[in-house]
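**Student:** Below is one structure. I have some questions about it.
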Amino acid sequence: MLDKILEKYNLKYDDLNPEERETINVWLQSVQQGQVTIEKVKDYITSMKLAVENELTKIGHNSKQDIFLKARLRNYMLLDSFLSSPEKAKQQLERSIASFASKIKI
């Protein structure tokens, strides 16, 4: 199953970095067991946030890569907030909208 999915995107398992491999393995186990739970989604989001944070600390990104990584991190933060609590989600959403608004006014 994994090979077919990767092939669809012209990828091989060896093309993935260690974090991506670990994430895919966890998700494959969940799919095979038929158990995708909120807790597993939260764990996935946490691991992806950490991977993006680690990538952001590396030197040598161009501005486009930096923006892409920050956008991914913001998306994971929003998802995490939505799953954690409605109030935290509302606060995070308001901060994101305020950030967008400040960029538009510049």
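The values are calculated or read from the model by the stated rules, or taken from the named source; none is laboratory data. It should be emphasised that the depicted structure is a prediction, and the values quoted were computed from it without experimental measurement. Every residue, glycine as well, gets a Cβ built from its backbone with ideal geometry; the counts of neighbours run over all protein chains shown.
**Student:** Of all residues in segment 23-42, count the ones that are exposed (fewer than 14 other Cβ atoms within 10 Å of the Cβ) and either assigned to a helix (DSSP H, G or I) or touching a His at 6+ places or on another chain (Cβ under 7 Å) (or both).
**Tutor:** Adding up the residues that qualify gives 8.
**Student:** Now, a different point. Using beta carbons and a limit of 9 Å, which pairs, at least six apart or on different chains, have the first residue in segment 22-36 and without any contact (Cβ under 8 Å) to a residue 24 or more places away in the chain and in the same structural domain as Lys12 (by TED's automatic domain parsing) and the second one assigned to a helix (DSSP H, G or I) and of a type in the set (Lys, Arg)?
**Tutor:** Val26/Lys40; Trp27/Lys40; Ser30/Lys40
**Student:** Taking the condition in a helix (DSSP H, G or I) and either loosely packed, with under 13 Cβ neighbours inside 10 Å or assigned by TED's automatic domain parsing to the domain that holds Gln92 (or both), does Glu7 pass?
**Tutor:** Yes: the conditions hold for Glu7.
**Student:** Could I ask something else about it? For segment 59-95, give me the residue count where each residue is under 29 Å from Gln29 (Cβ atoms) and either in contact with a Gly (Cβ under 9 Å, 6 or more places away or on another chain) or loosely packed, with under 12 Cβ neighbours inside 10 Å (or both).
**Tutor:** 2
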